[in-house]
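Worksheet: the structure to be examined is printed underneath.
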Amino acid sequence: MSVAEAATMTPLERDVRKRIAAAGPMPVAQYMALCLGDPQHGYYTTRDPLGAHGDFTTAPEVSQMFGELIGLWMATVWKQMGAPENVRLVELGPGRGTLMADALRAAKVVPEFLAAAVLHLVETSPVLQAQQEKTLAPLNVSALWHTTLADVPGGPSIIIANEFFDALPVQQAVKKADGWHMRTVAIGDDGALTFSHERTSLKTFECTLPARLRSAREDEIFEWRSDTAALELGRHLREPGAALVIDYGHIESATGDTLQAVGRHSFADPLSTPGDVDLTAHVDFEWLADQVECMGATVHGPVTQAHFLGKLGIDARAKTLRKGATPSKAAEIDAALDRLTGHGRTGMGSLFKVIGFAHKSVGTLPGFEP
């Protein structure tokens, strides 16, 4: 690597290289965790990545309709829970606070629900927490911040996780002639960061895979995440409550490399400019359902985002917003509706899935009716 190339390295890449030089190639999950959460140079700890001036746009930023429907969903679920006098509204990875702000505004039609709610936000980024405080300030609601779901006290809970699980570090294993090997990030012969794998195979790894994946071909990749967050989600639902997870991913466990980087609304190389681009990987909804269900929760879905929002009445809400709107505003509403529910290249309707979890006493969750 030339002196000029070294001079353009991000501070985090220099740290990653030092770690590899000292301890050898690092697992993909460790690399992803550093890129996103390093206290000094991590992507989420140093910036607000959302919106037109950021790197990507989430559904709540597309339209108020998304958060409004989630707010009415929460109020309905609260009633199905028996309308407890104290309910924890928990959001995992709240972004700018847009979803919760829109949700609480819509839920004003059920004032007794808002009176019973205590807001808990799980956020690790100081930058985003400051933005969440600013977004929620006009609503005059009190909120408590936590760094993990485990820190949220037990009790009746409604938990929302929109594009949260895709940002959790993902492990990768690659199939070779002698079995599965942990995939790593190493320094290549040309001096650049590169993907590699450990020399020693994972002896019992294949036994942990679904039977249909045990005949994977050489060089196929399997991804998995730590079960900590999923099991904690299930633990909170041992008391009356429900959780809603919205993310992009696959309904059944499958092989494939889904690790991707996004910067300035465009795809990037996951190994270039560590700390300056967002890293995500698809959510395995079959795995997620198994983990939460094993804690005793009932599973609803997954269904597509288009199906879920349709059941909640997004078309009717869009029609209401169009009334009295200027032609340009009406066009914006139509474009947002198409983005949230469309099935084309730019639509989120099919790519994003929605899965619900609930205490067995709650019954069928709204949006998942047959």
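Taken together, the values in this text are just the output of simple stated rules run on the coordinates, not laboratory data. The structure presented is a predicted model; accordingly, all values stated were derived computationally and were not measured. Ideal geometry is used to build each Cβ from the backbone, glycine not excepted, and the neighbour counts take in all protein chains shown.
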### Task
Could you list, in sequence order, all residues of region 209-250 that are farther than 17 Å from Asp290 by Cα, touching a residue at least 24 places away in the same chain (Cβ under 8 Å) and among the small types (Gly, Ala, Ser)?
Ala216, Gly241
### Message
I need the full set of residues from region 316-341 which are under 20 Å from the mean Cα position of the chain (by Cα) and more than 30 Å from Gly234 (Cα to Cα), in order please.
### Response
Arg339
## Note on the structure
Restricted to region 10-39 and to residues being under 9 Å from Pro274 (Cβ atoms) and in contact with a strand residue (DSSP E or B) (Cβ under 6 Å, 6 or more places away or on another chain), the residue surrounded by the fewest Cβ atoms within 10 Å (Cβ to Cβ) is Tyr31
### Summary
Those residues of region 280-308 that are out of contact with any Leu (no Cβ under 6 Å at 6 or more places or on another chain), hydrophobic (A, V, I, L, M, F, W, C) and either buried (at least 22 other Cβ atoms within 10 Å of the Cβ) or under 30 Å from Gly188 (Cα atoms) (or both) come to a total of 4
### Query
Taking region 174-208 only, how many residues are assigned to a loop (DSSP other than H, G, I, E, B), over 19 Å from Gln260 (Cβ atoms) and in contact (Cβ under 8 Å) with a residue 24 or more places away in the chain?
7
### Task
Could you please find all residues in region 123-165 being in a strand (DSSP E or B), in contact with a Leu (Cβ under 6 Å, 6 or more places away or on another chain) and without any contact (Cβ under 8 Å) to a residue 40 or more places away in the chain?
Ala143, Trp145
## Note on the structure
Flagged pairs (Cβ under 8 angstrom, 6 or more apart or on separate chains; first in region 31-48, of a type in the set (Phe, Trp, Tyr); second crowded, with 17+ Cβ neighbours inside 10 Å and part of a loop (DSSP other than H, G, I, E, B)) are Tyr31/Pro274; Tyr43/Pro49; Tyr43/Gly275; Tyr43/Asp276; Tyr43/Val277; Tyr44/Thr124; Tyr44/Ser125
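Give me the helices (runs of 4 or more DSSP H) completely within region 275-360, filtered to those with at least 2 residues that are closer than 19 Å to Glu163 by Cβ, ordered by residue number. Full working, then the answer.
Working: elements: 285-293, 305-312, 314-322, 327-341.
In region 275-360, the matching helices (runs of 4 or more DSSP H) lie at 285-293, 305-312, 327-341.
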